[in-house]
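The values are calculated or read from the model by the stated rules, or taken from the named source; none is laboratory data. What you see is a predicted model; the values in this text were computed from it and never measured. Counting neighbours? That spans all protein chains shown, and the Cβs are built from the backbone with ideal geometry, glycine included. Side chains included, ligands, DNA and RNA excluded: accessible areas come from the protein's heavy atoms. Shrake-Rupley method; radii C 1.70, N 1.55, O 1.52, S 1.80 Å.
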Amino acid sequence: MNGERGARGIPPWSMAVAAMLAVQLSNALSVPVIEQVGAAGTAWLRMCFGVVFLWMIARPAIRSLRRRDIPALLVLGVVTGFMTTFLLSAVERIPLGTAVAIEFLGPLTVAGLMSKRRRALVWPLLAFVGVVLLTEPWHGDIDLVGVGFALAAGACWGLYNVFTQHVGDRFSGISGLSLTIPIAALATLPIGLPQVIGGDLTWWVLPAAAGIALITPVLAFALEMLALRRMTHTAFGTLLSIEPAFGTLIGLLVLAQTPTLFQLLGIAIVIVAGCVAQRGGTRTTDAVTTTDLPAAAKG
């Protein structure tokens, strides 16, 4: 609560932007760890260390659990774990900005399908045009496996946004995360642990994974929680649309991944489609919530 009082003077949009940059930075910093223990191994280590840090901050509210809460918690935990795993698997094969833009098709499509206006489906289609420009299939060297992983991450992201509202209506942000991130770690254990054991687990891998976990899920998700306390879902969703640009920027600065002109145009189209799709998307509910979980946190 003290942290919230101290954050009241900070514009909520700046916390949301910082959270998105933190998410993409953590994805970029994960690349060296991926080279040692694989994408699934890296995602699993991040989840495990995330559990440790989150439980140090807020113990899970086990006593407040109701039977009807469990299905949403389980689904949210599973899709959170695999969203990270699939995205890191994509980043292993294709540029970070491209992976994030493709992933963004997931929540954008879900928003279109859930909208009462059928013309809302135009925006996912427009974003798809942007993704085609990003992947430049006419060059003949498109990594279909990488694209497939990014699409799978997008499907998880779309489900995440649906179920995070259900869980967010019941639990405070950090309390909800302390329940779902352990589920994410357990869900990805069967594919993550074998990669860690079979990989090159040099001395720096565990400290690096712990440091990345401190950025995401801990810092990024906490910033998003604070931002969402003071922002509408429409405003936050509109800001979220620039995340592919952040992925491209971090990919350029950290991984030296320079986009082509067509790829920059593709990212611009995805951003425009995401921003326009958010118009009129304010969530209307009479429910009183303690706080929402981060409505679109990744990785």
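Confirm whether residue 223 is open to solvent by 20 Å² or more (accessible area, probe 1.4 Å) and either closer than 22 Å to residue 33 by Cβ or outside any helix (DSSP H, G or I) (or both). In short, no. Of all the numbered requirements in (1) modelled with pLDDT of 95 or more; (2) in contact with a helix residue (DSSP H, G or I) (Cβ under 7 Å, 6 or more places away or on another chain), residue 12 misses one, and that requirement is (1). Mind checking whether some residue in region 100-122 is closer than 28 Å to residue 277 by Cβ and either hydroxyl-bearing (Ser, Thr, Tyr) or touching a Ser or Thr at 6+ places or on another chain (Cβ under 7 Å) (or both)? The answer is yes, given that some residue of region 100-122 is closer than 28 Å to residue 277 by Cβ and either hydroxyl-bearing (Ser, Thr, Tyr) or touching a Ser or Thr at 6+ places or on another chain (Cβ under 7 Å) (or both). Per the conditions (1) open to solvent by less than 60 Å² (accessible area, probe 1.4 Å); (2) over 19 Å from the mean Cα position of the chain (by Cα), the sole criterion not satisfied by residue 52 is (1). Do the conditions hold for residue 201, that is, is it open to solvent by less than 70 Å² (accessible area, probe 1.4 Å) and at negative phi? No: the conditions fail for residue 201.
Condition check ((1) modelled with pLDDT under 95; (2) hydrophobic (A, V, I, L, M, F, W, C)) across all residues:
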| residue | (1), (2) |
| --- | --- |
| 50 | no, no |
| 56 | yes, yes |
| 60 | yes, no |
| 69 | yes, no |
| 72 | yes, yes |
| 80 | yes, no |
| 84 | no, no |
| 90 | no, yes |
| 95 | yes, no |
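In region 101-113, the residues that are surrounded by fewer than 24 Cβ atoms within 10 Å (Cβ to Cβ) reach residues that are not in a helix (DSSP H, G or I) with C-beta atoms within less than 9 angstrom, at least six apart or across chains, in these pairs: 111/278; 111/281. Taken over region 134-151, the criterion of being among the aliphatic types (A, V, I, L, M) and either open to solvent by less than 20 Å² (accessible area, probe 1.4 Å) or over 14 Å from residue 94 (Cα atoms) (or both) is satisfied by 134, 150.
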